[in-house]
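First up is the structure itself, then whatever we jot down about it.
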Amino acid sequence: MGRDVGVVVVGTVGWFVGWFMGWVVGLVAGWAVGEAVGWARDWVINLAEDSFTTVLILLTLGFGATVGTGIIASFLNQFILLALTVTSLSALSMLLFSPLKRRRLITKYRQYEEL
């Protein structure tokens, strides 16, 4: 009888300690993940003040997700190839169009100044 009571007490205390430690670890981990996500969200919002940066960030995220999916599923899938083409060409055109547009505006301004 004494041994049975000891087993029950040890089992109960062990269960309670395990439950409490799991609760504490879950609470700390949840808080840390929440803080990290909040910090990353604020960083992206501050970074993406204008629409150009926002669109470029979204295209880059889409391209990265498509590459990851292609690595896992296979690049032979036609939808993955389509998504890769669309996201990469869109991001590339945004990155190339902006300096070309700026150069064209500077050239027009200089021509206007000469008159």
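The values are calculated or read from the model by the stated rules, or taken from the named source; none is laboratory data. Note that this is a predicted model, so its numbers are computed, not measured. We place every Cβ from the backbone using ideal geometry, glycine too, and count neighbours over all the protein chains shown. The accessibility values were calculated without ligands, DNA or RNA, using every heavy atom of the protein model including side chains. Shrake-Rupley method; radii C 1.70, N 1.55, O 1.52, S 1.80 Å.
Observations
- Looking across region 58-91, the residues that are within 20 Å of the chain's Cα centre (by Cα), surrounded by 11 or more Cβ atoms within 10 Å (Cβ to Cβ) and not small (Gly, Ala, Ser) come down to LEU58, LEU59, THR60, LEU61, PHE63, THR66, VAL67, THR69, ILE80, LEU84, VAL86, THR87.
- Region 70-98 residues that are touching a residue at least 12 places away in the same chain (Cβ under 8 Å), paired with ones that are basic (Lys, Arg) and open to solvent by less than 80 Å² (accessible area, probe 1.4 Å) (beta carbon under 9 Å, 6 or more apart): none
- Residues (outside any helix (DSSP H, G or I) and surrounded by 10 or more Cβ atoms within 10 Å (Cβ to Cβ)) located in region 22-57: ALA48
- Flag if ILE106 is modelled with pLDDT of 90 or more, more than 15 Å from the chain's Cα centre (by Cα) and open to solvent by less than 80 Å² (accessible area, probe 1.4 Å): yes
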